[in-house]
Amino acid sequence: MLGPMLTATSLLGMAHIASAAAVSSTTGGTIFVSSYNSKVTTLNIGGSSSKSGVPKLSTVAESTGCGESPSWLTLDKPKGLLYCVDENIVTGGGNLASLRTKADGSLEALNLVKCAVGPVSIALYGKDNHGLAVAHYGGSAFSTWDATDPAHLVNIQTETFKMTKPPADPPRQPAPRPHETYLDPTNKFIVVPDLGTDELRLYAIGGDGASLTTTKLDSVAAPAGSGPRHVAFVKRAGRTFMYLVTELSSQIVGYEVTYPAAGKIAFKQLWVMGAHGWDKPTPKQAYASEIVISPDSRFAIVSSRNENSFKIPNFDPTNSTQLQSDPLINFRIDDGGGLTAIQEVAAGGSYPRQFSINKAGTLLGVGLQLDNRVALVKRDPASGKLGGFAGYAQLGGQITSVIFNE
Ligand SMILES: *[C@@H]1O[C@H](CO)[C@@H](O)[C@H](O)[C@H]1NC(C)=O
């Protein structure tokens with residue numbers, strides 16, 4: 001059995017008594033959740049009066065403004081706008097949607113436009129964040145949008161990619177599979193990890209980051225057959241690093257990022273390690289998924305799927321059947337960009353496809369895709385240690401993303 005059972009044992013001791021009725025006020029904050037059951041759900045994360053057991057998060061509002069299969073959410077908090085992509089997994093296709101966030105937690109659908117097939121990620125970019133960069137996994141494409149008028153999204157460009165060499169993993173890499181759009185810390189470049197071609201596609205944002213035009217740069221090769229999925233950046237002691245999480249090889253690739261000239265970004269690969277760190281083997285069937293950096297830039301947290309390495313008490317206090325959980329792996333970051341695994345904890349269920357951290361660094365919002373569950377994992381911002389649950393919700397479809405409304 002793997003090491004994380006230790007933490008699982010400590011969770012087993014937790015008492016479970018039915019929690020008090022959910023509180024409807026949203027003063028403790030809200031999260032937005034996308035799921036494949038055609039809904040974007042607002043959940044109340046504060047104000048629970050339960051004294052024991054894991055509080056059940058109450059639903060504040062539900063929106064059907066993001067089509068059939070909402071797969072990703074990106075919030076523009078200052079403008080009160082939520083962007084969402086519809087992966088259209090049943091009927092095929094893709095949509096990009098904009099919604100207005102209301103003070104009461106509800107969402108007003110503003111616009112839904114057709115886009116390239118299979119969108120899975122959105123990044124805000126350009127002056128005043130009026131640009132949207134979208135990765136299309138199913139459609140092998142990258143697209144950009146002008147959201148200056150959020151009720152009238154305008155396509156700027158859509159670029160469709162072709163395979164240029166035989167894939168290392170033909171069943172999983174039949175075509176280019178852009179998995180994410182992510183801005184570097186200067187907000188001048190967009191990184192697009194491509195699971196199908198083992199590369200990091202790169203774009204420079206025009207006007208030194210201020211315009212909505214993008215220029216394609218040379219890609220950076222990632223390890224063959226690794227399946228690049230998601231990235232995160234961190235600045236430490238004056239240096240910039242990027243971590244790439246790969247889905248097919250379940251690894252983390254560390255890069256140092258430099259800016260050799262105006263309009264240029266360079267990546268130097270530093271190391272490749274398993275998603276569980278240097279000292280622990282990665283289970284063969286694992287699919288690493290998300291990576292998030294703590295707000296204080298001291299920790300990186302990675303999720304992995306299909307491991308079932310933990311057993312945790314059922315969130316339903318009347319149900320004595322334990323639940324299986326995949327792990328979150330917690331790493332300390334050093335000034336050289338190195339990662340040291342310090343802890344593994346239960347993510348709260350099966351397939352933590354995506355998760356996010358709140359600004360205070362006290363909570364992770366985890367989307368447990370195959371359990372239709374959202375879990376709030378507790379975090380101590382001083383020590384960086386994770387563990388235990390501050391809340392959960394059971395929704396009606398596979399969870400694809402969870403973001404804090406802040
Ligand atoms: C108890 O939990 C297990 C595991 O999630 C589930 O399969 C079962 O249906 C639950 N039983 C009841 C009565 O809800």
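Peptides 337-347, 240-250, 109-119 ranked from most to least packed give 240-250, 337-347, 109-119, packing being the mean of other C-beta atoms within 10 angstrom over each peptide's residues. Given the pairs K311/K359; K127/K280; K56/K188; K162/K385, which are separated by over 32 angstrom at their Cα positions? Over 32 Å apart, Cα to Cα: K127/K280; K56/K188; K162/K385. Ranked by the mean number of other Cβ atoms within 10 Å per residue, highest first, peptides 65-78, 133-146 order as 133-146, 65-78.
On full extension, the segment bounded by A151 and D279 gains 41.0 nm, given 0.36 nm per residue less the C-alpha separation. According to the calculation over all Cα-Cα pairs in the chain, the P(r) per 10 Å bin from zero is 5, 23, 34, 27, 10, 1, 0 %.
The base-10 log of I(q)/I(0) for segment 295-388, evaluated at q = 0.19, 0.21 Å⁻¹, reads -0.86, -1.01 [Debye formula, identical scatterers on Cα atoms, solvent excluded]. For the chain, the relative contact order comes to 12 percent (Cα pairs under 8 Å, sequence separation of at least 6). With all projection directions averaged, the alpha carbon convex hull of segment 187-268 covers 5.4 nm². Using just its DSSP H runs of length 4 or more, each adding -39500 (n - 2.57), the chain gives a mean residue ellipticity at 222 nm of -500 deg cm²/dmol after division by all residues.
Over all other residues within a Cβ to Cβ distance under 11 Å of F404, the charged ones net out to +1, with Lys and Arg as +1 and Asp and Glu as -1. Put simply, the amide H of E247, placed in the peptide plane, has neighbours under 5 Å in R229, leaving out anything fewer than 5 places away on its chain.
Bridging of K39 to aspartates and glutamates at a Cα separation below 14 Å is possible for E62, E68, D86, E87, E108, once same-chain residues fewer than 8 apart are set aside. Between V90, V257, V272, the residue with the greatest mean-square fluctuation in the GNM of the chain (Cα pairs under 10 Å linked by springs) is V90.
The residues neighbouring R100, those whose beta-carbon lies less than 10 Å from its own, together hold a net charge of +1 under the Lys/Arg +1, Asp/Glu -1 convention. Count Lys and Arg as plus one, Asp and Glu as minus one, and take only other residues whose Cβ is under 14 Å from that of P170; the net charge is then +1.
Bear in mind these aren't lab numbers, they're just calculated from the coordinates by the rules spelled out. Computed from a predicted structure; not experimentally measured. Please note: Cβ atoms are built from the backbone with ideal geometry, for glycine as well, and neighbour counts cover all protein chains shown.
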